[in-house]
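Heads up: the structure comes next, in structure tokens.
The values are calculated or read from the model by the stated rules, or taken from the named source; none is laboratory data. Since this is a predicted model, take the numbers as computed values, not measurements. Cβ atoms come from the backbone with ideal geometry, glycine included; neighbour counts cover every protein chain shown. These accessible areas exclude ligands, DNA and RNA; they are computed on the full protein's heavy atoms, side chains included. Shrake-Rupley method; radii C 1.70, N 1.55, O 1.52, S 1.80 Å.
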Amino acid sequence: MADHTRAESSAPTAEAPRPHRMRAVTQALDGCTAVFRHKLRAGELGSLPVILVLAVVWITFQSLNANFLSPRNLSNLSVDIVGTGLIAVGIVFVLLLGELDLSVGSISGLAAAVFAVLNVNQGVPEWLALIVAVLTGTLAGTIQGFSFARIRVPAFVVTLAGLLTWNGVMLAILGTSGTVNLDENGIVAKLTSYYFTNHAAAYGLAALGTGMVFVGSYLERRRRKGVGMPYRSLRGIAARTAVLAVITFAAAYVLNRFQGLPLALLIFLVVVAGLDIVLRRTHYGRQVYALGGGVEAARRASLSVLRVQTAVLAVSGTMAALGGLFLASRITSVSQGSGSGPLLVNAIAAAVIGGTSLFGGRGTTWSAVLGILVIQSIASGMALTDTPTAVQLVITGGVLFAAVVIDSLSRRSQEAHGRA
Amino acid sequence: MPAAPLLALHGVCKRFGVVDVLTDIELELHAGQVLALLGDNGAGKSTLVKVISGVAPADKGTIEWEGRPVHIRRPHDARSLGIATVYQDLALCGNLDVVGNLFLGREIRRFGFLDEVEMERRSRHLLEGLTRGIPDLRGPVVSLSSGQRQTVAIARSLLGEPRVLLLDEPTAALGIEQTTEVLDLVDRLRDRGLGVLLISHNLGDVKALADRAAVLRLGRNNGFFDVNTASQEQIISSITGATENVPRRMAHQEAGW
């Protein structure tokens, strides 16, 4: 959103006389580096660092093991990211407020347990159990959100209590049986095992996504032009759409070479795109960003702080429940260990690695996708190359640390920029 | 009979915990008038602004709007009456861009979604009427200079077509040229019939701009002046307490014995 109007600043140079092709090229390069340097100083790097990290990870593992970038591995990767990725999307909402939600792991386990017990043990229809499970997450999040907003304590304290509470509730629900195996052919199992084998599905999604982005930018350009405001050049729109098209169609091609478009990935992308629109294009989303920029400022602008804060934790709880169902689907079982282990840390790390600021107010849902892609790529590559878990933890930790450093540096330079 | 003042305060008190920040404050603000609110640090000027703007509602006393008593309990109440506030700490969201800040809390929507194009068009129009150097409308506000931020803050307060404008130290962080610009702007707003309450430390600004001045000292009224006739010395001694309202204070203290 921030770079909407920035693109046209480079447009006037097109009319300058062109003395030499070489000179034109170097000029263009200079322009690019100038823009880059400006963004670097202004602390607006966005998702560039994480894309670089992802490239390094992929190249490294591909050189260590030729199977890493195989369609089979990439396709599995695209399904493996969904469970934790959905949880990370909820975390992005909470981070935008400048808060942390520590309960998402427990809530994801609780939702999975609710589903398993209702469906398998009690014989409730699957769709109903699914809805109840997701609403359980919403309810848990709402309770936490309301207490956090009302008592005005940091969310991490409330959700730390939630972490213990919901875990206890889950253990109580599961009872002594411990592990519940899900129906291998049920809806939930299908969530991560169903593939659209028809090649048209993956290509269609790529075309649809690219087309919508293009039409959206084109319509905005036309409207801006109509009311006499700065607008993007057609060439700029075309270039951006082209880059997007190359990425999405390459992904579709790779997926089709294995089993086609995974249902899980489709759901993940739709949810992420939908919530991205909610955050950036709606009144509610604007309030979330505003609260992250300053609670006091938001309150003075007569925003309902209580309602927004409650709603954000409700979203995070809902996404945790959804993610928990996908995680259970992947192993078609729910056990006492569901939602524990590195899940919580990975979800938070994914959001931060993807470029969502820990200080609140900066980030998008897409950062969760990029971040979880990095984390899961490292995990997958380590598994392929038989590297011990110890090393994997250290490397993931290093990436997270780097992300936090970049975050805090860019925040500082953004502030310093204003004083100049 | 003169028209009722746009805004009048009678016997307004405000406590924070055990501290009496404001005691029995009286104030009248008329349309088309600039009233300067003066006082030393800690005199309660900013708190008074918060009382009027609903951020920190009064504990006691009445507030009258055009002669009839009103309750201001939330910022929303003040805003719907037509009171706009520019705070000393500006109260902008640093991470949002200029357009986002201007329309925060009253976004324009189109088909249920934010209408960024229309908001940006109006922002541009509004800022063009206020200032010569329009900042980058799509950069985060934290990256603007303090003068630009002040312009954004004032512009935001004008969006709701207010009738009373509260300005808390609008020129404190500005250079000479920007100060002149802001003062000119306030002058134009007065000509449009707004009532302006101007908090300032700068007596030069006050002399140049204000019609009347009210002085606060230690959370109490300490004199009203017609800026055109009162001397600078009179005002300053009232601010510093050299002409403190001695009898009243003495009586107050005696009552406590």
With every protein chain left in place and a probe of 1.4 Å, what is the accessible surface of A:Trp366, to the nearest 10 Å²? 100
Just to be sure I understand: if you take the accessible area of chain A alone plus chain B alone and subtract the pair, with a 1.4 Å probe, what total do you get in Å², rounded to 100? 3100
If amide hydrogens are placed 1.01 Å from N in the peptide plane, which non-local residues have theirs closer than 5 Å to the one on B:Arg217? B:Asn222
Using the basic label-point model (7 angstrom from Cα toward the beta carbon), what is the B:His125 to A:Met212 distance in nanometres? 3.2
Using the heavy atoms of the protein chains alone and a 1.4 angstrom probe, what is the accessible area of the range A:274-420 per residue in square angstrom? 37
Once both axes come from the Cα atoms, what is the angle between helix A:21-42 and the longest principal axis of chain A, in degrees from 0 to 90, rounded to 10? 50
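For Cα pairs less than 8 Å apart in space and 6+ apart in sequence, what is the mean separation divided by the residue count of chain B, i.e. the relative contact order in percent? Please list the in-between numbers first.
Details: 466 pairs, mean separation 66.5, N = 257.
Over chain B, the number comes to 26 percent.
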Please report the accessible area of B:Ser46 (heavy atoms, 1.4 Å probe, ligands and nucleic acids excluded) in Å², nearest 10. 40
Expressed in angstrom and rounded, the centroid-to-centroid distance over alpha carbons for the range A:277-339 and the range A:124-178 is 14
Enumerate the calculated ³J(HN,Hα) couplings along the range A:395-410 in order (Karplus 6.51 cos²θ - 1.76 cosθ + 1.60, θ = phi - 60°), each rounded to whole Hz, writing x wherever the residue is Gly or Pro. 5, 4, x, x, 4, 4, 4, 4, 4, 5, 4, 4, 4, 6, 5, 5
For chain A, what is the relative contact order in percent, using Cα pairs closer than 8 Å and at least 6 residues apart in sequence? 34
Hey, can you list the residues from the range B:126-140 whose accessible area shrinks by 30 Å² or more with all protein chains present, relative to the chain by itself (probe 1.4 Å, no ligands or nucleic acids)? B:Arg138, B:Pro140
With +1 on the Cβ of every Lys and Arg and -1 on the Cβ of every Asp and Glu, and nothing else charged, how large is the dipole of the protein assembly as shown about its Cα centre, in debye rounded to the nearest 20? 1280
Nearest 20 debye, what's the magnitude of the dipole of the range A:112-268 about its Cα centre given +1 on Lys and Arg Cβ and -1 on Asp and Glu Cβ? 1260
Scalar couplings 3J(HN,Hα) for the range A:274-280 by Karplus 6.51 cos²θ - 1.76 cosθ + 1.60 (θ = phi - 60°), nearest whole Hz, x for Gly and Pro, are x, 5, 5, 5, 4, 6, 9
Near B:Lys45, which lysines are there with a Cα under 29 Å away, not counting those fewer than 8 places off in the same chain? B:Lys14, B:Lys60, B:Lys207
Taking chain A as the reference, fit the longest principal axis to its C-alpha atoms, fit the long axis of helix A:71-96 to the helix C-alpha atoms, and give the angle between the two in degrees, 0 to 90, nearest 10. 90
In whole Hz, what ³J(HN,Hα) sequence does the range A:142-154 give by Karplus (6.51, -1.76, 1.60; θ = phi - 60°), x for Gly and Pro? 5, 4, 4, x, 5, 5, 4, 6, 6, 7, 6, 10, x
Based on Cβ point charges of +1 for Lys and Arg and -1 for Asp and Glu, what charge dipole magnitude is obtained for the range B:45-155 about its Cα centre, in debye rounded to the nearest 20? 180
A:Phe196 long-range amide H proximity, modeled H, under 5 Å: A:Leu261, A:Leu263
Which angle from 0 to 90°, rounded to the nearest 10, does the C-alpha axis of helix A:343-353 make with the longest principal axis of chain A? 10
Non-local residues with an amide H under 5 Å from the amide H of B:Ile108, with H modelled 1.01 Å from N and Pro and chain starts lacking one, are B:Asp115
Taking the full set of protein chains and a 1.4 angstrom probe, give the accessible area of B:Asp205 in square angstrom, rounded to the nearest 10. 20
Of the candidates B:Ile83, B:Ile25, B:Ile199, which one comes out as most mobile in a Gaussian network treatment of chain B with C-alpha springs shorter than 10 Å? B:Ile25
Can you compute the modelled spin-label distance between A:Val345 and B:Cys13, with each label point 7 Å from Cα toward Cβ, in nm? 5.7
So which residue, out of A:Ala155, A:Ala206, A:Ala55, gets the largest mean-square fluctuation from a GNM of chain A using Cα contacts under 10 Å as springs? A:Ala55
Residues of the range A:270-310 with accessible area at least 50 Å² lower in the all-protein-chain context than alone (1.4 Å probe)? A:Arg281, A:His283, A:Arg286, A:Ala297, A:Arg300, A:Ala301, A:Ser302
Quick one: with all protein chains in place, what share of the accessible area of the protein assembly as shown is carbon or sulfur, to the nearest percent (1.4 Å probe)? 61
Largest to smallest accessible area among A:Val120, B:Val141 [probe 1.4 Å]: A:Val120, B:Val141
Distance between modelled label sites at A:Arg412 and A:Tyr253, nm, 7 Å Cα→Cβ extension: 4.4
